[in-house]
Amino acid sequence: MNENKTSCAPADNQQTLWDSIDWTKAELSVRKLQARIVKAQKDGKHNKVKSLQWTLTHSFYAKALAVKRVTSNGGGNTPGVDMETWEKPETKMQAINDLRRRGYQPKPLRRVHIKKSNGKLRPLGIPTLKDRAMQALYLMALEPVAETTADTRSYGFRKERRCMDAVTQCHNILRKGYSPEWILEGDIKGCFDHISHEWLLVNIPMDKAMLRKWLKCGYIFNKQMFPTEEGTPQGGIISPTLANMTLDGLQKVLAERYKRRTIKGEHYSPMVNLVRYADDFIITCENRETLENEIKPLVAEFMAERGLTLSEEKTVITNIRDGFDFLGFNIRKYGNEILTKPTKKAEKRFME
């Protein structure tokens, strides 16, 4: 296929200057394509989804927005292994022209470590600016599909959703008189680092060749090259969406297993609810035994298919009257009232 025939604007126009790009028109053009992808996905036209994704990733405006995204945030000053940054307008214009699928080969990630709140180190893989821009470009084509197929109770790393939406949802499902009283606090051991590459390549609806290149690009640490056999790097622009799509489907599995049903003329349900923010989640139920003997093994099986395991240390079952911590908030029932307030640790961090 000829790239110029399917692009939204003339990608070969070398005279176009960075400062003269109409960003409003660019965003509108990309948004229209994304809306068409959503419609095709809802209609089950998967070949049309692929065709529209190809059109979007070869569009001049999409490439320009991808370059703008990686150079306008704070990370634009953080280089990858090539130590390059794009600061001048002409460098950004050249970058747009260099975002081509043919002949593209990502460079290894630059591995750095940052401290977590518990004192342990979290590994980050920093791609080069070109690799970040390519990921941002392909994310524009993947995100409409991800949003269409996502769990309704998933709140992390999604547009128009935030941490407080997840906390509010927890409060709402636990505040009623008949609400479930038992909570499974779920935590996945090294979620980003252990996602199965094979599962991603089979199940993620995007350009498989590009996805394989990013997953297998390796990383450099202390001037040594290491391969990447599993996981998706924390630090990559597309990684949060890949992780979300990996965990999507758990809500459907639970809903099908624990449907609301009628017994002797009365409605009965174990009141199983899922609320997830990235790889942190809670599952509610009216009794501890169901959580311990049925739901926890079911979740473990769901995770195992994707190369993931639950953290035994952090995955615990709690009664609402003892309270539980979720996303920096403590949710607990006092008498007949549910109170949601910042955790002691969050208060201390704020005061410091």
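The values are calculated or read from the model by the stated rules, or taken from the named source; none is laboratory data. Bear in mind the structure is a predicted one, so any value in this text is a computation, not a measurement. Here the Cβ is made from the backbone with ideal geometry for all residues, glycine too, and neighbour counts use every protein chain on show. Surface accessibility is based on the protein's heavy atoms, side chains included, excluding ligands, DNA and RNA. Shrake-Rupley method; radii C 1.70, N 1.55, O 1.52, S 1.80 Å.
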Tell me the label-point distance for the pair residue 349, residue 91, using the 7 Å Cα-to-Cβ offset, in nm and rounded to one decimal.
-> 3.3
Ranking by accessible area, most exposed first, for 272, 202 with a 1.4 Å probe = 202, 272
Isotropically averaged projected area of the stretch 99-201, using the convex hull of Cα atoms (one quarter of hull area), nm² = 9.9
Cα principal axis extents for the stretch 142-225, largest first, Å = 57, 32, 22
Taking R0 as 51 Å and r as the Cβ-Cβ distance between residue 224 and residue 178, the FRET efficiency 1/(1 + (r/R0)^6), rounded to the nearest 0.05, comes to 0.30
To the nearest 10 degrees, how steeply does helix 296-305 sit against the main Cα axis of the chain, on a 0 to 90 scale?
-> 20
Give me the accessible area of residue 214, 1.4 Å probe, in Å² rounded to the nearest 10.
-> 20
Once the Cα atoms of helix 89-98 and of the chain are each reduced to a long axis, what angle between those two axes, in degrees from 0 to 90 to the nearest 10, is obtained?
-> 80
Carbon-plus-sulfur fraction of the accessible area of the chain, 1.4 Å probe, in percent?
-> 49
Given Cα pairs under 8 Å that are at least 6 residues apart, what percent is the relative contact order of the stretch 61-164?
-> 29
With the dipole of the chain defined by +1 on each Lys or Arg Cβ and -1 on each Asp or Glu Cβ, the option from 18, 76, 125 whose Cα lies farthest towards the positive pole is 18
Once both axes come from the Cα atoms, what is the angle between helix 46-57 and the longest principal axis of the chain, in degrees from 0 to 90, rounded to 10?
-> 50
Average Cα contact separation per residue, the chain, under 8 Å, 6 or more apart, as relative contact order % = 17
Rounded to the nearest whole Å², what accessible area per residue is found for the stretch 28-68 with the 1.4 Å probe?
-> 49
Mind checking the per residue accessible area of the stretch 200-242 for me, 1.4 Å probe, whole number of Å²?
-> 48
tail above 33 Å in the computed P(r) of the chain, as % of all Cα-Cα pairs, reads 37
Expressed as a whole percent, how much of the Cα-Cα distance distribution for the stretch 33-100 exceeds 17 Å?
-> 53
Can you tell me the alpha carbon radius of gyration of the stretch 200-242 divided by the globular rule-of-thumb value 2.2 N^0.38 Å?
-> 1.22
Return the Cα extents of the stretch 129-276 along principal axes one, two and three, sorted largest first, each rounded to a whole Å.
-> 65, 29, 27
Probe 1.4 Å, all chains present, heavy atoms only: residue 117 accessible area in Å², nearest 10, is 110
Which whole number of Å³ per residue matches the convex hull of the alpha-carbon atoms in the stretch 211-345?
-> 164
Of the listed pairs 50/216; 88/348; 63/341; 63/345; 68/115; 189/341, which have alpha-carbon separations greater than 32 Å here?
-> 88/348; 63/341; 63/345
